[in-house]
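Colleague: Below is one structure. I have some questions about it.
The values are calculated or read from the model by the stated rules, or taken from the named source; none is laboratory data. Values in this document were obtained by computation on a predicted structure and should not be read as measured data. Quick reminder, even Gly has a Cβ in these numbers, built from the backbone with ideal geometry, and neighbours come from all protein chains shown.
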There are 2 protein chains.
Amino acid sequence: MKACRREPVPYTPIWLMRQAGRYMREYREVRARTTFLELCKTPSLAAEVTVTAAERLRVDAAIIFADILLILEPMGIELEFAQGEGPVIHNPVRHADDVKRLREVEDPGALSFVYEAISLTRQELKPDVPLIGFCGAPFTLASYMIEGGGSKNYVHAKKLMYDDHGAWHAMMSLIARALVKYLNAQIDAGAQAVQLFDSWVGCLGPDDYREFVLPHSRAVMQGVKTGVPVIHFGTGTGALLELMREAGGDVIGLDWRVRLDEGWQRVGHDAGVMGNLDPVTLFAETDVLRAHAKRILDQAGGRPGHVFNLGHGILPETPVNNVMALVDMVHEMSSQ
Amino acid sequence: MKACRREPVPYTPIWLMRQAGRYMREYREVRARTTFLELCKTPSLAAEVTVTAAERLRVDAAIIFADILLILEPMGIELEFAQGEGPVIHNPVRHADDVKRLREVEDPGALSFVYEAISLTRQELKPDVPLIGFCGAPFTLASYMIEGGGSKNYVHAKKLMYDDHGAWHAMMSLIARALVKYLNAQIDAGAQAVQLFDSWVGCLGPDDYREFVLPHSRAVMQGVKTGVPVIHFGTGTGALLELMREAGGDVIGLDWRVRLDEGWQRVGHDAGVMGNLDPVTLFAETDVLRAHAKRILDQAGGRPGHVFNLGHGILPETPVNNVMALVDMVHEMSSQ
């Protein structure tokens, strides 16, 4: 929390995106008993995997176990997590008419299982470990809804964006309004910071980002209750960092494709940064991992406002011992 | 050719990566009679699709129809283009021992079908349409060889790179030596410019690029015969442009994720740039396409040294009429 406010800290705090994920035996054991969607919708289980990961790894923050796509269901999107295939949307949005059929999320209670999971987790977590809530950013969610699942080139999403500005902005605004309610309800339930995941925004150039994305991401972040730090994260954003900062966020997430010092300079030192170890370095020898972690700490240079993290989520096959070693290394090297 | 040398031109020249591809009926008709690999290895057919595309689109350059992976076969890699699945490598390189088994490409004649295709194409093309030869860059080829095909996270490639510097550099050097011979043989056969495709390099951060990639890409480009323009292309290179320029190239390829004016400034105005329309804009309405093309020409500002192109290859479902319209638009708008 101090790092998010750019206050001095005794050591650099660290948490890891997807820290409660498939790479961890405890998580796989829970998943063996339930589906992914059931896990998300069962507060006791979501809390269990969230707390287990935070305690086992000894990280400085927990992030609630959930999925960015959960918010799509109350909008009228039929969502399925097919075994081994990732999310599938059975009624993708393709035309202006589909946009009109999307439901305004009036009642954030449709996602009450998330808020209950947050309350439970907050009770079970150690008091000095903050809990982060999150949501997908409007662009990433809109792209999922339009493409109907994962995508390589985002042809459908960009086609709607380019060809029908009215429908595009209507859809993005509707999503943004829902996200404001969703994040604030997470905060009411006990989330102490929130993160906006714009995982797919790196497929856009700066001009398109400014016109089609920035106003909506900004609306979400401006709607978050005052005093709650907002982390604004994307990948492949090497040419978008200034604009992401303009959109908002107390802390900007950097992926590993930019140097942390250069990224921070471009974001501006009046914001914090989070990142930015390549998740693949967790597969390397320990001395390589240490050298890469040290390089990032050196680039941060002890400046207040750095939250150590990966540049993207932990990969499923990652050796858990290396993840634990990384947490210890960052604590040790940054407290010297 | 003038644009590559940054000399004034009457209008901005344009060609399109993968211009002789699956989106074109004439290409699909040829492919219906043969496999992808047979097409690459039959000079008369490779020349036919190359010339047909250049003439139909009225572009200002042709690029020889071939594949970046062809060079892997003489190195001892067993390559297959599986129907609809892209390239598969049956004996991927995973360890130092595998690197030792790679064969030095002593005789560029193993790829004589490429040189014959170039000679034939040069005879059939209009004299004022230059012919571009090409190869994959060492990093992209090494990653293919290690991953054994397409990859999302490059875990195996990066693991070898991080954990065994000796094996990595030995492999990259071997590839670079082969590429120098390959490109110069293409030039001897009639290629008037050459392009290095580092399509996958955007998965690396700048520090890794400098240490593990730059020396080898530089060795390739320095080995190209004097006087032949070299285009150095990559995608997702928003944070690598300065280093790519340092590695070499008369013209640096920009993808659509950077603004052309900012990208050119970072590359330096003592080099040319190629790009950088988002291939997906070819799916949009004509007026959208025109607006995006105009924006790129405006950002180039008439400065000598701009070759118009997409930021990546034409997508398979692209409407051919839009591609033809784009070529005309760029010629018309840039000659005003």
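Colleague: If the Cβ limit is 6 Å and pairs must be 6+ apart or interchain, which residue in segment A:275-287 that is under 16 Å from B:TYR209 (Cβ atoms) and more than 7 Å from chain B (Cβ to nearest Cβ) pairs with which residue that is crowded, with 22+ Cβ neighbours inside 10 Å and among the basic types (Lys, Arg)?
Modeller: Sorted first by the residue in segment A:275-287, then by its partner, the list stays empty.
Colleague: Among (1) more than 10 Å from every other protein chain (Cβ to nearest Cβ); (2) surrounded by 21 or more Cβ atoms within 10 Å (Cβ to Cβ); (3) closer than 19 Å to B:GLU211 by Cβ, which single condition is A:ASP298 missing?
Modeller: (2)
Colleague: Related question: Checking A:ASP60 against (1) in a helix (DSSP H, G or I); (2) more than 21 Å from A:ASP198 (Cα to Cα); (3) in contact (Cβ under 8 Å) with a residue 40 or more places away in the chain; (4) of a type outside the set (Gly, Ala, Ser): exactly one of these is not met. Which one?
Modeller: (1)
Colleague: Additional query: Can you work out which of the residues in segment A:263-278 that are surrounded by fewer than 22 Cβ atoms within 10 Å (Cβ to Cβ) and out of contact with any helix residue (DSSP H, G or I) (no Cβ under 8 Å at 6 or more places or on another chain) is nearest to A:ARG303 (Cα to Cα)?
Modeller: By that ranking, first place goes to A:HIS269.
Colleague: Right, here's the next one. Here's a check for you: in segment A:224-236, which residue that is in contact with a strand residue (DSSP E or B) (Cβ under 7 Å, 6 or more places away or on another chain) and of a type outside the set (A, V, I, L, M) is farthest from the other protein chains (Cβ to nearest Cβ)? Walk me through how you get there before you give the answer.
Modeller: Initial filter on segment A:224-236 (in contact with a strand residue (DSSP E or B) (Cβ under 7 Å, 6 or more places away or on another chain)): A:224, A:228-234.
Keeping just the survivors that are of a type outside the set (A, V, I, L, M) gives A:229, A:232-234.
Working: A:PRO229: 26, A:HIS232: 17, A:PHE233: 16, A:GLY234: 12 Å.
By that ranking, first place goes to A:PRO229.
Colleague: May I ask you to say which residue of B:ARG18, B:ARG101 is of a type in the set (D, E, K, R) and surrounded by fewer than 20 Cβ atoms within 10 Å (Cβ to Cβ)?
Modeller: On the way: B:ARG18 fails: surrounded by fewer than 20 Cβ atoms within 10 Å (Cβ to Cβ).
Among B:ARG18, B:ARG101, only B:ARG101 is of a type in the set (D, E, K, R) and surrounded by fewer than 20 Cβ atoms within 10 Å (Cβ to Cβ).
Colleague: Hey, another quick one. Hey, does segment A:152-173 have a residue that's away from chain B (no Cβ under 14 Å), under 22 Å from A:GLY253 (Cβ atoms) and among the small types (Gly, Ala, Ser)? Let's see the steps before the verdict.
Modeller: At the first step, the residues of segment A:152-173 found to be away from chain B (no Cβ under 14 Å) are A:169-173.
Adding the requirement that they be under 22 Å from A:GLY253 (Cβ atoms) leaves A:172.
Keeping just the survivors that are among the small types (Gly, Ala, Ser) gives none.
No, segment A:152-173 contains no residue that is away from chain B (no Cβ under 14 Å), under 22 Å from A:GLY253 (Cβ atoms) and among the small types (Gly, Ala, Ser).
Colleague: Also: For segment A:246-264, give me each residue that is more than 14 Å from the chain's Cα centre (by Cα) and under 14 Å from A:GLY275 (Cβ atoms).
Modeller: Scanning segment A:246-264 gives A:TRP256, A:ARG257, A:VAL258, A:ARG259, A:LEU260, A:ASP261, A:GLU262, A:GLY263, A:TRP264.
Colleague: Could you grab me the full set of residues in segment B:35-69 that are surrounded by fewer than 22 Cβ atoms within 10 Å (Cβ to Cβ), of a type in the set (D, E, K, R) and farther than 25 Å from B:LEU179 by Cβ?
Modeller: B:GLU48, B:GLU55, B:ARG56, B:ARG58
Colleague: Restricting to segment B:192-211, what's the tally of residues that are touching a helix residue (DSSP H, G or I) at 6+ places or on another chain (Cβ under 9 Å), in a helix (DSSP H, G or I) and either surrounded by 22 or more Cβ atoms within 10 Å (Cβ to Cβ) or at the interface with another protein chain (Cβ under 10 Å from one of its Cβ atoms) (or both)?
Modeller: Count: 6.
Colleague: Scan segment B:301-313 for residues that are crowded, with 17+ Cβ neighbours inside 10 Å and either on the phi > 0 side of the Ramachandran plot or touching a helix residue (DSSP H, G or I) at 6+ places or on another chain (Cβ under 6 Å) (or both) and report the count. Please lay out each step first, then the result.
Modeller: Going residue by residue through segment B:301-313, those that are crowded, with 17+ Cβ neighbours inside 10 Å are B:305-313.
Still in the list and also either on the phi > 0 side of the Ramachandran plot or touching a helix residue (DSSP H, G or I) at 6+ places or on another chain (Cβ under 6 Å) (or both): B:305-306, B:308, B:310, B:312.
The qualifying residues number 5.
Colleague: Another question about this same structure. Filter segment B:242-259 down to the residues that are under 22 Å from B:LYS225 (Cα atoms) and acidic (Asp, Glu), then identify the one that is nearest to the other protein chains (Cβ to nearest Cβ).
Modeller: B:GLU246
Colleague: Would you confirm whether or not segment B:159-178 contains a residue that is surrounded by 23 or more Cβ atoms within 10 Å (Cβ to Cβ) and either in contact with a Lys or Arg (Cβ under 6 Å, 6 or more places away or on another chain) or among the polar types (S, T, N, Q) (or both)?
Modeller: Taking every residue of segment B:159-178 in turn, none turns out to be surrounded by 23 or more Cβ atoms within 10 Å (Cβ to Cβ) and either in contact with a Lys or Arg (Cβ under 6 Å, 6 or more places away or on another chain) or among the polar types (S, T, N, Q) (or both).
Colleague: Another question, if that's okay. For B:ARG18, only one of the following conditions fails: (1) free of Cβ contacts under 8 Å to residues at least 40 places away in the same chain; (2) within 18 Å of B:ASN309 (Cα to Cα). What is its number?
Modeller: (1)
Colleague: Moving to a separate point now. Since A:ALA239 meets every condition but one in (1) under 19 Å from B:THR281 (Cβ atoms); (2) more than 14 Å from chain B (Cβ to nearest Cβ), which condition does it not meet?
Modeller: (2)
Colleague: Let me ask something else about it. B:VAL228 - would you say it is at pLDDT 95 or above, among the aliphatic types (A, V, I, L, M) and assigned to a loop (DSSP other than H, G, I, E, B)?
Modeller: So B:VAL228 passes the test.
Colleague: Out of (1) assigned to a helix (DSSP H, G or I); (2) among the aromatic types (Phe, Trp, Tyr); (3) without any contact (Cβ under 8 Å) to a residue 60 or more places away in the chain, what's the single condition that is false for B:PHE65?
Modeller: Unmet for B:PHE65, out of (1) assigned to a helix (DSSP H, G or I); (2) among the aromatic types (Phe, Trp, Tyr); (3) without any contact (Cβ under 8 Å) to a residue 60 or more places away in the chain: (1).
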